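The values are calculated or read from the model by the stated rules, or taken from the named source; none is laboratory data. The model shown is predicted, which means the values in this text are computed figures rather than measured ones. Every residue, glycine among them, receives a Cβ derived from its backbone with ideal geometry; neighbour counts consider all protein chains shown. For accessibility, only protein heavy atoms count, side chains too; no ligands or nucleic acids. Shrake-Rupley method; radii C 1.70, N 1.55, O 1.52, S 1.80 Å.
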Amino acid sequence: MRPSEPADPLSAQVLASLAGADPRLRELAGALVAHLHAFVRETRPTEAEWLRAVDFLVRTGHACTPERNEFILLSDMLGLTSAVDEVNHTGPANMTPSSVEGPFHSPAPARPMGAWIAEGPERERGEPTLVHGRVTDCDGRPLAGARLDVWQADDAGHYDSQDAAQPPGNLRALLTTGDDGAYWFRTVRPSSYPVPTDGPVGELLRALGRHPMRPAHVHLRVEAAGHRPLTTHIFAAGDPYLASDAAFAVKDALVVPFRPCADAARAARFSMPGPFLEAEFDIRLVAE
Ligand code: BEZ
Ligand code: FE
């Protein structure tokens, strides 16, 4: 709810000072000022509390590096990234829902369809997993030439960028669909993992009595000509953190079982080594 009329002369004065040529900037800045003034009137922070909050933001800025954006992490942990995602990705009821990108995306190697994407020590340790599905439009028509960008953590919850034992590009892939829109790749089951907690955002989570865990997931970005690009997750059903994802990014339609398969003929068909897990996830894109 936007406070429509300023309830006090001070905020009215600040709002009246907002000029400039860009009407959208005026709208955004005006709503921000109105909400922040209302927040102060409601919660009446002491000067010490206010300075502490400013110091927190300063330290959040100082924690940022070219590889780490502590402000995005703050936005993720407050559910703001998911809120922005929610207001921007509406569409048909059967479209595949979007979800946050998170901080661990990096350029992936192009791989052939069906490739093993687990090329580090996790390949020996982890549970072999087949991930597959079809990329279609919302009427079920297959999308040929769709490009999938896939990234995930390993069975210990680490991305390649966090773990010197993994080769660069590990557990990442760029795949392109053929005429049937089908995709598949072989990997190990990802594990749930904590978001980085060694900075100010970790401090805030601890102070608020919150855990930092994200449920096990695979990230996907899917692009196809004439369709809205989609960034989303596949979440593993049964994960203990599905109901309390630290990034508030879980949506029911993104949760799929990683089903055990002991069928030797199916294992041979997908060149899987003995028993494996199978996750099926179809992707329906919205036409532009
Ligand atoms: C991730 O899944 O990579 C992620 C998302 C939000 C915050 C931290 C990590
Ligand atoms: Fe992730």
Segment 30-183: antiparallel DSSP beta bridges as a percent of all, rounded to 5:
90 percent
Note to self: Kirkwood Rh of segment 230-276, Cα pairs, one decimal, Å, is 12.7 Å
Please state the relative contact order of segment 108-196 as a whole percent: Cα pairs under 8 Å, 6+ residues apart?
47 percent
Rank 200, 220, 267 by how far each Cα sits towards the positive end of the charge dipole of the chain (+1 on Lys, Arg Cβ; -1 on Asp, Glu Cβ) and give me just the farthest.
267
Assigning unit charges at the beta carbon (Lys, Arg +1; Asp, Glu -1) and nothing else, what dipole magnitude in debye, to the nearest 20, does segment 190-288 show about its Cα centre?
20 debye
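Semi-axes, largest first, in whole Å: what does sqrt of 5 times each Cα gyration tensor eigenvalue give for segment 90-165?
Square roots of five times the eigenvalues give 28, 16, 12 Å.
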Have a look at the chain and give its Rg and Dmax from the Cα atoms, expressed in angstrom.
22.3, 76
Taking the 0 to 90 degree range and rounding to the nearest ten, how far is the long axis of helix 23-43 tilted relative to the main principal axis of the chain, both from C-alpha atoms?
70 degrees
Once all protein chains are kept in place, residue 270 shows an accessible area at probe 1.4 Å, nearest 10 Å², of 20 Å²
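Taking the Cα centre of segment 80-285 as origin and charging only Cβ (+1 Lys, Arg; -1 Asp, Glu), how large is the dipole, in debye to the nearest 20?
It works out to roughly 200 debye.
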How much net charge surrounds residue 169 when only the other residues with a Cβ under 15 Å from the Cβ of residue 169 are counted, with Lys and Arg +1 and Asp and Glu -1?
-3
By the scheme Lys and Arg +1, Asp and Glu -1, what is the net charge of all other residues having a beta-carbon under 12 Å from that of residue 160?
-3
With the dipole of the chain worked out from charges on the C-beta (+1 for Lys and Arg, -1 for Asp and Glu) around the Cα centre, which of 161, 285, 108 lies farthest toward the positive end?
285
Which percent, to the nearest 5, of DSSP beta bridges fully inside the chain are antiparallel?
75 percent
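For the chain, what is the relative contact order in percent, using Cα pairs closer than 8 Å and at least 6 residues apart in sequence?
On the way: 526 pairs, mean separation 59.6, N = 288.
Relative CO of the chain lands at 21 percent.
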